[in-house]
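A.B. asks: Let me begin by handing over the structure; questions about it come next.
The values are calculated or read from the model by the stated rules, or taken from the named source; none is laboratory data. All of these numbers come straight from a predicted model, not from anything done at the bench. Cβ: placed from backbone, ideal geometry, glycine included. Neighbour counts: every protein chain shown. Areas reflect the complete protein model, heavy atoms only, side chains present, ligands, DNA and RNA absent. Shrake-Rupley method; radii C 1.70, N 1.55, O 1.52, S 1.80 Å.
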Amino acid sequence: MPRAFITGITGQDGQHLAEFLHSKGYEVFGMVKGQNNPKLTAMRDEFPYVEPVPGDLADLPSLLKALESTQPDEVYNLGAISFVALSFNQAELTANITGLGVLRMLEAVRMVGGATNNPIRFYQASSSEMFGKVREIPQTERTPFHPRSPYGCAKVFGHDITVNYRESYGLYACSGILFNHEGPRRGLEFVTRKVTNAVARIKLGLQEELVLGNLDFKRDWGYAGDYVKAMWLMLQQDEPDDYVVATGETHSGEELVRLAFEEAGIDDWQRYVRQDQKFFRPAEVDLLIGDPAKAQDKLGWKREVDFPSLVKMMVENDLRIESARR
Ligand code: NAP
């Protein structure tokens, strides 16, 4: 039975990946931080097959201990301070966890190593936010980075140090440059889920308005359930490499809002939406659109869920949750 160790198990992607690897017959270990993590109970209920392991990306000894005790074949480093807005307020914490955390995890992988004939394979969760003020359209594995947030800067370090450990120490280390991916498990702080949850609450009469920042930005949005398959595929190749994972389409913030309201049967969405300067980023990423050709050609990966189906799935999920709460 192959063994996988996942950091960020309590996050959106950690949950999808755990489910996917379990379906593939993996024994799944998930790193949980904190002495009384409130998400642990829910995780045990929903994913009884995941073995929780204590540890923190700020603490190298805990990572070493975690790998020594679990002896994984594959390590997926999904843990991060992942919310761009928070990264502007807590830039040092973001650099420490999202940036230096990758170095600590790589160092733990290098030191623990795994069996000589079966060294540990490592996946780093890199991000399209590294492209920031984009230098070319669409963005590929060769597009230069120009991050526009402390989060994006930390992810650039995480990506570069992953490539460096691969080149310096011969580690099987891959960096997946994933464009935005969403779903019902997305945290409520992220714009897609903030929108679909507010739409559901407005529809049910639980909320009167939706307050947002800039709506002109454009993103390449896919479904998280599709994207974790690409992570796994990267670790099944003969040689480690880096891949852009994206849909190749871009949609505006306004399109997201309009579609979500329409899905709930509300056509005059402008009535309910207000913009507030406090939700604008100090430096915005205006346009992201990825070219997934390499992932499609070499990994045989393709997305299954398109943008309207993704919005529909999220609105329906939030309507279900909010109706049950009423
Ligand atoms: P998420 O839902 O925000 O999950 C982040 C995870 O990181 C949580 O499990 C969190 O644990 C954990 N974490 C935070 N601080 C930690 C620390 N000090 N030590 C160990 N774990 C820590 O993020 P996601 O959407 O699943 O994304 C997964 C990864 O992909 C992240 O690295 C993210 O930056 C990257 N990424 C995401 C997207 C996207 O669109 N979703 C796109 C590109 C890249 P707690 O729950 O205990 O706080």
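A.B. asks: Just to be sure I understand, how many residues within region 100-123 are open to solvent by 50 Å² or more (accessible area, probe 1.4 Å) and within 9 Å of the ligand (Cβ to nearest atom)?
C.D. replies: Result for region 100-123: 0.
A.B. asks: What are the residues in region 20-40 that are within 16 Å of the ligand (Cβ to nearest atom) and open to solvent by less than 70 Å² (accessible area, probe 1.4 Å), if any? Spell out how you get there, then give the answer.
C.D. replies: First, the residues of region 20-40 that are within 16 Å of the ligand (Cβ to nearest atom): 20-21, 28-40.
Across region 20-40, the qualifying residues are Phe20, Leu21, Val28, Phe29, Gly30, Met31, Val32, Gly34, Asn37, Leu40.
A.B. asks: Quickly run through region 199-225 and pick out the residues that are touching a Gly at 6+ places or on another chain (Cβ under 9 Å) and in a helix (DSSP H, G or I).
C.D. replies: If the condition is that a residue be touching a Gly at 6+ places or on another chain (Cβ under 9 Å) and in a helix (DSSP H, G or I), then Lys203, Ala224, Gly225 are the ones that fit.
A.B. asks: Just to check your reading of the model, which residue among Lys133, Lys155 is in contact with a strand residue (DSSP E or B) (Cβ under 6 Å, 6 or more places away or on another chain), assigned by TED's automatic domain parsing to the domain that holds Ile9 and either within 15 Å of the ligand (Cβ to nearest atom) or not in a strand (DSSP E or B) (or both)?
C.D. replies: On the way: Lys133 fails: in contact with a strand residue (DSSP E or B) (Cβ under 6 Å, 6 or more places away or on another chain).
Unique residue meeting the criteria: Lys155.
A.B. asks: Could you give every pair whose Cβ atoms fall below 8 Å, whose first residue belongs to region 185-212 and is within 15 Å of the ligand (Cβ to nearest atom), and whose second residue is aromatic (Phe, Trp, Tyr), counting only separations of at least 6 or pairs across chains?
C.D. replies: Correct list of pairs: Gly187/Phe83; Glu189/Phe83; Phe190/Phe83; Thr192/Trp221.
A.B. asks: Applying the selection to region 61-97, what residues are in contact with a Phe, Trp or Tyr (Cβ under 6 Å, 6 or more places away or on another chain) and within 21 Å of Phe179 (Cβ to Cβ)? Break it down stepwise before answering.
C.D. replies: To start, the set of residues in region 61-97 that are in contact with a Phe, Trp or Tyr (Cβ under 6 Å, 6 or more places away or on another chain) comprises 70, 72, 75-76, 84, 87, 94.
Result: Tyr76, Val84, Ser87, Thr94.
A.B. asks: Kindly check whether there is at least one residue in region 262-283 that is within 16 Å of His181 (Cβ to Cβ) and not assigned by TED's automatic domain parsing to the domain that holds Ala85.
C.D. replies: The initial filter retains those residues of region 262-283 that are within 16 Å of His181 (Cβ to Cβ), namely none.
Checked against the condition, which is being within 16 Å of His181 (Cβ to Cβ) and not assigned by TED's automatic domain parsing to the domain that holds Ala85, region 262-283 yields no hits at all.
A.B. asks: Among the residues of region 1-55, which ones are touching a Phe, Trp or Tyr at 6+ places or on another chain (Cβ under 9 Å), within 24 Å of Ile97 (Cα to Cα) and assigned to a helix (DSSP H, G or I)?
C.D. replies: Gln12, Asp13, Gly14, Gln15, His16, Leu17, Ala18 - these are the residues of region 1-55 that are touching a Phe, Trp or Tyr at 6+ places or on another chain (Cβ under 9 Å), within 24 Å of Ile97 (Cα to Cα) and assigned to a helix (DSSP H, G or I).
A.B. asks: Working carefully through the options Gly290, Gly265, find the one that is open to solvent by less than 70 Å² (accessible area, probe 1.4 Å), in contact (Cβ under 8 Å) with a residue 40 or more places away in the chain and farther than 18 Å from Ser126 by Cβ. Talk me through it step by step, then tell me what you get.
C.D. replies: Working: Gly290 fails: farther than 18 Å from Ser126 by Cβ.
None of the others qualify; the one that does is Gly265.
A.B. asks: Here are some conditions: (1) small (Gly, Ala, Ser); (2) surrounded by 21 or more Cβ atoms within 10 Å (Cβ to Cβ); (3) in a loop (DSSP other than H, G, I, E, B). Gly248 meets all but one. Which one does it not meet?
C.D. replies: (2)
A.B. asks: Follow-up. Got at least one residue in region 257-274 being of a type outside the set (Ser, Thr, Tyr), part of a helix (DSSP H, G or I), within 22 Å of the chain's Cα centre (by Cα) and at pLDDT 95 or above? Quick ask: steps written out before the conclusion?
C.D. replies: First, the residues of region 257-274 that are of a type outside the set (Ser, Thr, Tyr): 257-271, 273-274.
Those left that are additionally part of a helix (DSSP H, G or I): 257-263, 269-271.
With within 22 Å of the chain's Cα centre (by Cα) added as a condition, the list becomes 257, 260.
Those left that are additionally at pLDDT 95 or above: 257, 260.
Yes - at least one qualifying residue is present in region 257-274.
A.B. asks: Same structure, new question: Any chance you could count how many residues in region 136-152 are of a type in the set (Asp, Glu) and in contact with a strand residue (DSSP E or B) (Cβ under 7 Å, 6 or more places away or on another chain)? If you could, list the steps in order and put the result at the bottom.
C.D. replies: Kept after step one, since they are of a type in the set (Asp, Glu), are these residues of region 136-152: 136, 141.
Restricting the remaining residues to those that are in contact with a strand residue (DSSP E or B) (Cβ under 7 Å, 6 or more places away or on another chain) gives 141.
The number of residues fulfilling the criteria is 1.
The rows are residues; the columns are (1) within 13 Å of the ligand (Cβ to nearest atom); (2) crowded, with 16+ Cβ neighbours inside 10 Å; (3) not in a helix (DSSP H, G or I).
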residue	(1), (2), (3)
Ala80	yes, yes, yes
Thr98	yes, yes, no
Ala125	yes, yes, yes
Phe145	no, yes, yes
Val163	no, yes, no
Arg166	no, yes, no
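A.B. asks: Any idea which residue in region 168-177 is surrounded by the most Cβ atoms within 10 Å (Cβ to Cβ), counting only those that are within 16 Å of the ligand (Cβ to nearest atom) and among the hydrophobic types (A, V, I, L, M, F, W, C)? Full working, then the answer.
C.D. replies: Within region 168-177, the subset within 16 Å of the ligand (Cβ to nearest atom) is 173-177.
Now narrow it down to the ones that are among the hydrophobic types (A, V, I, L, M, F, W, C): 173-174, 177.
Working: Ala173: 30, Cys174: 23, Ile177: 26.
Among them, the one singled out is Ala173.
A.B. asks: Checking the structure you have, find out if any residue of region 33-45 is free of Cβ contacts under 8 Å to residues at least 60 places away in the same chain and in contact with a helix residue (DSSP H, G or I) (Cβ under 6 Å, 6 or more places away or on another chain). Quick ask: steps written out before the conclusion?
C.D. replies: If we filter region 33-45 for residues that are free of Cβ contacts under 8 Å to residues at least 60 places away in the same chain, which is where we start, we get 33-45.
Narrowing further to those that are in contact with a helix residue (DSSP H, G or I) (Cβ under 6 Å, 6 or more places away or on another chain): none.
No - not one qualifying residue is present in region 33-45.
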